[in-house]
Every structure is written in structure tokens, then in C-alpha cells.
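Visitor: Have a look at this one before I ask anything.
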Amino acid sequence: MLVWAAMNVLAIETSCDETAVAVATGDAVPRLIVNAVSSQIDLHAQTNGIVPEVAAREQLVAMVPMLQEALRAAEAGGISIPHDLAAIAVTQGPGLAGSLLVGVETAKTLGAVWQKPVLGMHHIEGHIMGALAEVDPTAVQYPAVALVVSGGHTQLVQIDGIGQYQLLGTTRDDAAGEAFDKIARVLGLGYPGGPAVAQAAATVTAPADTWPVLPRPMLDHDNLDFSFAGLKTAVYYAVRDRELTAVEVGMFAAAAQQAIIDVLVGKTLKAAQKIGAREVWLAGGVAANTQLRETLQTQVAAKSGATVRIPPLLLTTDNAGMIALAAWRRLHAGITTPPPQAARPRISLEEANAR
Ligand code: KG4
Ligand code: ZN
């Protein structure tokens, strides 16, 4: 294991529509000193979704203020930058090319000026390590299975250690977050759809057996893959040409949310069983969903002996804290992380960790 004088990592994350800078520290256990995030959600709500060109330009606007905020907080926390930094970590992919470039070029510039190593990080590894948050590395038991659910990804990943990831299953069409977003649009709810659907569902008082009946795509298939496009289509055909009352919208939101959660949790349990997982981790933007957090926790407790790790809310949707924590864990485990050559919009988790 490498021993660093000071395990301080500054991380930059700009893969989509958040501009984020964070600093992690700690010798044996990681801890976040600052986790600064500037979100473009209000801007994209106007277009009911992300326009990549707009997102990239906004990254440029927010980058320097976020850096300044993180540097101020780090200094206040007793970390002198660049002097005390072990490395700069940056998300090199996957994500939107124009957005990624802003973070990657900023990190490369800082690395050159400050004479510090730059680590090219994988966005999904960041999400996964968000589930561990500030947990002591020696307390983690492998193998673990991570359910990664975000706007762009739905994956079940086997984790045998830091840097050792194997894809067990993925979505064949829409990601879970994308399903929330599209169903929200069909129901006339706002953007981003996940929180809007969750909020509408929370207003429902009618019992679940009176909700609209929706499919649980691929739940009973003998594999660990997902498919959510059919669920969105089912909602679309059920509400088409109808004027829904607020109560009906709530019932559809609750039914759709439950269908998504049933599939996610069912497949996660199947994956945990298959690999004999000692831990089950929840990760990604959809991990902010209260109902999913509670269901996964109770179902895993009831049906498997695995330890469940649910990320703190601030580490669910895109942030740089998760990237800083992932980079800290790689340094701590002595794993080499090459610098980013360029933004890698489509890089896979396995490709990023190929030895
Ligand atoms: O991880 P993330 O911030 O960005 C990507 O890497 O994609 O995830 C964003 C996704 C969006 O689809 C959003 O609707 C969903 O996470 N999301 C939620 C909730 N909060 C955010 N989905 C369900 N319930 C939530 N409370
Ligand atoms: Zn993400």
C-alpha cells in the first residue's frame, strides 16, 4: 500500500449539467472537507430536458466560482492548496462530451501549473463509491453488488475490491432515471422527473390495489438486465386522450414509481443471491428516491443477510464529492489511475479499470 504524506484529493465533476468541485482528506478513513455543486436544473426545466450545448456553456460559467468556493473551504479546513494536495481527480467519462471537456481541461491545466498528478476517473465508479461515503475501508466486506441508477445508467455491478468491477446486468433501453423523467413528461409533471414523480406519488392516500396496473418489465426473466421503455409506453397509452385529475396523476405516479422500484429491488436481490454478496450498495441520482431507499433496505434485510449501504442524499445526484472519495480510495488501495488523455463520453467501467 502506498503511503501518502497527506491524502488530500481535489476532484472535479462536469459530466452533465452539474459543475462540481470537492476535496477529500483523511489518512485511514476518507472525509469530505467540501462538496460544492452548482446545478443547471432551473435552466433545463425551461426546455424540459438538457440541451448539451447549453449545458457545456454553463459549465464554463460555473467552473471558476465552484473552484474558488472549494479552495476557500479547503483552506478554512486547514488544507493548503496546492501544497497539501496528493492529486487532482477528474471525471473523464461517461457523459456529455462538451461538458466533460470543461472539467478535464481544467484539471489538466491545474495539474500542469501546480505540478500535481491528475487522475482520470470514471463517473460510475464515483457514484458507486458515493454509497460507501465516509465508511472505513477496512469495514467493507466483498463481494458487494451495487445497483447504479441514474439518468443515464441502470447497472448491477459486482465489486470485489476497489478497482475490481464486473457488470452483471444493465438496461436494454431506457435508464431508471430516464424512465422517471419520461413518465413525468407524459403525466405533465416537471423536470427533473424523478423528484416530481416522487412528490406526486407522495400525495396518494388510496391503497396500492386501487392504483392503475402497470407492467414490471423483465422482473421474472432469468437474467439481470432491465428494460423500462415499455413501462413508459404503458403509461402513455393509459393516459392518452384523457384529462387526468390531480388525484389520478398522483395514482399513475405512485404506480409507475412502484413498478420501477419492484423491478430494481427484485433484480438486485437476484444479483446478490447469484454472487453471494455480503453487501448491497445503492448508487446514482435515483438513489435519492425515498421509497427506493426504504424498500431496498427492508427487502434486503428480509431476504438476504447482506449489509445495505445507502448514500447520503448529497452523494446521490451528480457531485464531485463522490469522485473525490473514489479517488481517495484508489490512492489508499495503491491502485494506479492514469491521467485523462481526453474526455471519454462513452467509456465503460470495465474499460476504465482494465489492467
Ligand atoms: O446521477 P444523476 O444526477 O445524473 C446522471 O448521471 O444521470 O441522476 C439524475 C437522475 C434523473 O433522471 C432524475 O430524475 C433522477 O436521477 N432522480 C430521481 C430522484 N432524484 C433524482 N429519481 C427518482 N426519485 C428521486 N427523488
Ligand atoms: Zn451521474
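The values are calculated or read from the model by the stated rules, or taken from the named source; none is laboratory data. This one's a predicted model, so the numbers in the text were calculated from it and none came from an experiment. We place every Cβ from the backbone using ideal geometry, glycine too, and count neighbours over all the protein chains shown. What goes into the accessible areas is simple: the full protein's heavy atoms, side chains included, and nothing from ligands, DNA or RNA. Shrake-Rupley method; radii C 1.70, N 1.55, O 1.52, S 1.80 Å.
Visitor: In the chain, if the dipole is taken from +1 on Lys/Arg beta carbons and -1 on Asp/Glu beta carbons about the Cα centre, which of Pro117, Ala324, Gly95 is farthest to the positive end?
Guide: Pro117
Visitor: Using only alpha carbon pairs under 8 Å that are at least six residues apart, calculate the relative contact order of region 141-310 and give it in whole percent.
Guide: Numbers: 318 pairs, mean separation 49.1, N = 170.
After rounding, I find 29 percent.
Visitor: Keeping the other protein chains in place, figure out the carbon and sulfur percent of the accessible area of the chain, with a 1.4 Å probe. Mind dumping the intermediate values first?
Guide: Working: 8040 of 14890 Å².
Carbon and sulfur atoms account for 54 percent of the accessible area of the chain.
Visitor: Charges at C-beta only: +1 for Lys and Arg, -1 for Asp and Glu. How large is the resulting dipole of region 141-310 about its Cα centre, in Debye rounded to 20? Kindly include the intermediate steps, with their values, before the conclusion.
Guide: Numbers: 14 positive and 15 negative charges, 49 e Å.
Dipole of region 141-310, to the nearest 20 debye: 240 debye.
Visitor: Dipole magnitude of the chain about its Cα centre, charges +1 at Lys/Arg Cβ and -1 at Asp/Glu Cβ only, in debye to the nearest 20? Spell out each step's value before the answer.
Guide: Values: 24 positive and 32 negative charges, 104 e Å.
Using Cβ point charges on Lys, Arg, Asp and Glu, the chain gives about 500 debye.
Visitor: Each residue of region 250-262 in order: what ³J(HN,Hα) in whole Hz does its phi give by Karplus 6.51 cos²θ - 1.76 cosθ + 1.60, θ = phi - 60°, with x for Gly and Pro?
Guide: x, 5, 5, 4, 5, 5, 5, 4, 5, 4, 4, 5, 4
Visitor: Per residue of the chain, what 222 nm ellipticity follows from adding -39500 (n - 2.57) for every DSSP H run with n ≥ 4, rounded to the nearest 500? Don't skip to the end; give the middle numbers.
Guide: Working: 11 runs with 151 residues, N = 355.
For the chain, the value works out to -13500 deg cm²/dmol.
Visitor: Within straight cross-link reach of Lys270, meaning Cα distance under 19 Å, which aspartates and glutamates are found once same-chain residues fewer than 8 apart are removed?
Guide: Qualifying aspartates and glutamates at Cα under 19 Å: Asp160, Asp220, Asp222, Asp225, Asp262, Glu279, Glu294.
Visitor: Ok, one more. Would you compute, for the Cα atoms of region 55-135, the largest minus smallest coordinate along each principal axis and list the three values in descending order, in whole Å?
Guide: For region 55-135, the Cα extents along the three principal axes come out at 34, 32, 21 Å.
Visitor: Going toward the positive end of the dipole of the chain, with +1 on Lys and Arg Cβ and -1 on Asp and Glu Cβ, which of Ala107, Ala333, His44 do you reach last?
Guide: The Cα lying farthest towards the positive end belongs to Ala333.
Visitor: Over the chain, what is the mean sequence separation of C-alpha contacts under 8 Å (at least six apart), divided by residue count, expressed as relative contact order in percent?
Guide: Numbers: 780 pairs, mean separation 92.2, N = 355.
That works out to 26 percent.
Visitor: Among 83-94, 128-139, 342-353, what's the highest-first ranking by average C-beta atoms within 10 angstrom per residue?
Guide: Listed from highest to lowest mean packing, they are 83-94, 128-139, 342-353.
Visitor: Which value, in Å², gives the accessible area per residue of region 141-310 when a 1.4 Å probe is used on the protein heavy atoms? Could the numbers behind the result be given before it?
Guide: Working: 7190 Å² over 170 residues.
Ligands and nucleic acids excluded, the figure is 42 Å² per residue.
Visitor: Would you mind estimating how fast the chain diffuses translationally, via Stokes-Einstein at 25 °C and 0.890 mPa s with the Kirkwood radius over Cα pairs, in µm²/s? Mind dumping the intermediate values first?
Guide: On the way: Rh = 20.7 Å.
Estimated via Stokes-Einstein, D reaches 119 µm²/s.
Visitor: Ranked by accessible surface with a 1.4 Å probe, highest first, in what order do Asp27, Asp160, Asp17 come? Please list the in-between numbers first.
Guide: Numbers: Asp27 115, Asp160 65, Asp17 10 Å².
From most exposed to least exposed: Asp27, Asp160, Asp17.
Visitor: Sticking with this one: Kindly work out what percent of the DSSP beta bridges joining two residues of region 141-310 are antiparallel, to the nearest 5.
Guide: Numbers: 12 of 21 bridges.
In region 141-310, approximately 55 percent of DSSP beta bridges are antiparallel ones.
Visitor: I would also like to ask the following. Taking the Cα atoms of region 49-206 alone, what are Rg (to one decimal) and Dmax (as a whole number) in Å?
Guide: Rg, Dmax (Cα atoms, Å): 18.9, 61.
Visitor: Seen from all sides and averaged, what is the projected area of the convex hull of the Cα atoms in region 141-310, in nm²? List each step's numbers first, then the result.
Guide: On the way: hull surface 37.3 nm².
Mean projected area of the Cα convex hull: 9.3 nm².
Visitor: For region 192-260 and region 108-130, compute the distance between their C-alpha centroids and round to whole Å.
Guide: If you average the Cα positions of each part, the centres end up 38 Å apart.
Visitor: Hey, another quick one. May I ask you to list the lysines whose Cα is less than 30 Å away from that of Lys267, ignoring any residue fewer than eight positions away on the same chain?
Guide: Output for Lys267: Lys182, Lys232, Lys303.
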